[in-house]
1. Based on what the data block shows, is A:GLU181 without any contact (Cβ under 8 Å) to a residue 24 or more places away in the chain, more than 14 Å from chain B (Cβ to nearest Cβ) and among the charged types (D, E, K, R)?
2. In segment A:70-112, which residues are assigned to a loop (DSSP other than H, G, I, E, B) and under 21 Å from A:SER60 (Cβ atoms)?
3. Test of understanding: among B:PRO84, B:PRO97, which residue is touching a residue at least 60 places away in the same chain (Cβ under 8 Å) and at negative phi?
4. Do any residues in segment A:215-231 that are part of a helix (DSSP H, G or I) have Cβ atoms under 6 Å from those of residues that are of a type in the set (D, E, K, R), where the two are at least six apart or on different chains, and which pairs are they?
5. For residues in segment B:44-81 being of a type in the set (Ser, Thr, Tyr) and in contact (Cβ under 8 Å) with a residue 24 or more places away in the chain, which is nearest to the other protein chains (Cβ to nearest Cβ)?
6. Within segment B:14-26, restricting attention to residues that are more than 9 Å from every other protein chain (Cβ to nearest Cβ) and of a type in the set (A, V, I, L, M, F, W, C), which residue is most open to solvent (accessible area, probe 1.4 Å)?
7. Filter segment B:180-213 for residues that are out of contact with any strand residue (DSSP E or B) (no Cβ under 8 Å at 6 or more places or on another chain), open to solvent by less than 60 Å² (accessible area, probe 1.4 Å) and not in a loop (DSSP other than H, G, I, E, B) and give the result.
8. Kindly indicate which of B:LEU216, B:LEU150, B:LEU177, B:LEU166 is at negative phi, touching a strand residue (DSSP E or B) at 6+ places or on another chain (Cβ under 6 Å) and buried (at least 18 other Cβ atoms within 10 Å of the Cβ).
There are 2 protein chains.
Amino acid sequence: MRSFLLVGQSNMCGRGFIGDVPEIRNMRCFTFRNGHWGVMTEPIHVDAPVFGDLYGDLRSGTCLAASFADAVQRRQGGEVGLIPCAVGGTTIAQWQPGEPIYDNAVFQANLARRSSELAGILFHQGCQDTGDASSAEGHHDLALRMLRALRRDVGAEGLPLLIGSLGTFREGLLPYLGPVEAGLRRIAGELPRAGFVSAEGLTRNPDGVHLDSRSLRTFGLRYFEEYIRLEGAEADMEGKGL
Amino acid sequence: MRSFLLVGQSNMCGRGFIGDVPEIRNMRCFTFRNGHWGVMTEPIHVDAPVFGDLYGDLRSGTCLAASFADAVQRRQGGEVGLIPCAVGGTTIAQWQPGEPIYDNAVFQANLARRSSELAGILFHQGCQDTGDASSAEGHHDLALRMLRALRRDVGAEGLPLLIGSLGTFREGLLPYLGPVEAGLRRIAGELPRAGFVSAEGLTRNPDGVHLDSRSLRTFGLRYFEEYIRLEGAEADMEGKGL
């Protein structure tokens with residue numbers, strides 16, 4: 001089984017409304033929870049309530065990783081496992097080595113490696129750091145540091161790393177979006193085997209912040225296309241003896 | 001915050017149908033997931049699908065730990081955290097130290113200890129080992145070994161340990177239930193600060209195996225009563241200078 005580590009905040013967790021898009025049922029895709037692989041079903045992350053109205057209509061739901069995993073499995077075969085470690089509302093400071101959510105992600109990835117080959121990292125984080133100038137300014141360096149450390153700590157410095165664009169928002173909603181987004185794009189160029197995934201044209205829930213189910217399906221396929229591109233680039237380098 | 005580690009198999013995970021009983025909403029009860037405390041909502045364990053019919057009507061649902069946590073919080077005050085680490089369908093052999101689900105439980109408990117005081121372990125396991133004579137016969141020793149190791153590995157050898165009865169089943173359904181149940185009851189006497197929680201009169205889902213929502217609420221309150229009894233016994237010993 002090839003496995004993929006999922007890290008970041010709410011748009012990686014997935015807040016798409018269940019039922020807005022058809023269920024993806026692929027008996028060769030799995031989710032890793034509590035040391036155990038179970039057949040993939042949504043919600044994949046359960047960091048927010050699934051039922052009820054504790055936070056209005058904000059619930060754990062559709063996740064971009066579902067269409068990603070399904071595409072990897074159907075196009076490349078084998079079994080595909082997801083390791084869901086994203087947590088909604090988290091800043092890049094909370095994702096630094098030594099912080100609980102970072103340490104958990106490293107532990108889960110290494111636990112999953114006992115029974116799978118870790119094949120990539122899917123990252124989507126940044127919105128939480130767009131509220132003020134100093135958070136936004138510090139984001140690039142902290143994200144770069146965290147992603148470097150993460151690949152090292154899961155034993156694979158050249159692991160394909162897919163970084164998602166934050167996309168566009170209603171003007172003024174995330175005041176310092178620009179510098180955070182630019183920093184993420186820069187990281188995809190600074191790190192080896194890293195790719196940037198476009199969020200162009202994606203649409204959101206009525207809250208204006210969280211991607212809707214249909215867009216999450218599309219976004220997952222774009223993560224897959226970028227994964228294929230990184231794999232191709234690698235194969236190309238290997239072919240040339242680089 | 002006082003926290004409680006939840007380990008075992010499906011009747012600890014909870015397969016009660018959501019909606020059969022009123023939601024428990026207590027903003028001072030939390031669930032630990034991916035290194036983060038979120039307000040407690042059900043399902044607390046998500047080891048099985050939440051939606052759909054992948055396994056018929058077997059879904060992650062109501063959990064005995066919800067009424068337990070709510071009772072601890074309302075009767076004793078403070079904040080209460082749950083650390084859900086049970087996995088459905090697991091044998092006691094899969095829960096031995098060095099196995100992934102055991103190692104995960106130890107990691108989660110220790111990660112939660114950074115931000116809470118670990119106050120007890122809730123255990124419900126055994127059904128999966130009632131199918132043949134040799135599994136049933138070996139269950140007592142393996143469970144005793146696992147529970148001793150678990151308390152040691154989470155840094156609290158005298159941690160209150162609550163062991164749930166498997167209850168009664170339709171005749172012949174779990175052929176070697178008797179010896180496993182007897183072994184569990186024996187362990188509660190063999191280990192310090194351990195208690196046995198009765199499942200008398202509890203009822204099940206149509207599958208005949210999983211406790212229904214109403215019974216899970218009751219079972220959680222019985223776990224709480226046993227927890228109180230263990231605490232009282234401790235206070236009594238301390239009072240006598242023992």
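1. Against the criterion (without any contact (Cβ under 8 Å) to a residue 24 or more places away in the chain, more than 14 Å from chain B (Cβ to nearest Cβ) and among the charged types (D, E, K, R)), A:GLU181 does not qualify.
2. A:CYS85, A:ALA86, A:VAL87, A:GLY88, A:GLY89, A:THR90, A:THR91
3. Step by step, each of B:PRO84, B:PRO97 is checked, and only B:PRO84 is touching a residue at least 60 places away in the same chain (Cβ under 8 Å) and at negative phi.
4. A:LEU230/A:ARG193
5. Within segment B:44-81, the match that is nearest to the other protein chains (Cβ to nearest Cβ) is B:SER60.
6. B:PHE17
7. Residues satisfying the conditions are B:VAL180, B:GLU181, B:ALA182, B:GLY183.
8. Being at negative phi, touching a strand residue (DSSP E or B) at 6+ places or on another chain (Cβ under 6 Å) and buried (at least 18 other Cβ atoms within 10 Å of the Cβ) holds for just one of B:LEU216, B:LEU150, B:LEU177, B:LEU166, which is B:LEU216.
The values are calculated or read from the model by the stated rules, or taken from the named source; none is laboratory data. These numbers come from a predicted model, not from an experiment. Virtual Cβ from ideal backbone geometry, glycine too; neighbours counted across all protein chains shown. Side chains included, ligands, DNA and RNA excluded: accessible areas come from the protein's heavy atoms. Shrake-Rupley method; radii C 1.70, N 1.55, O 1.52, S 1.80 Å.
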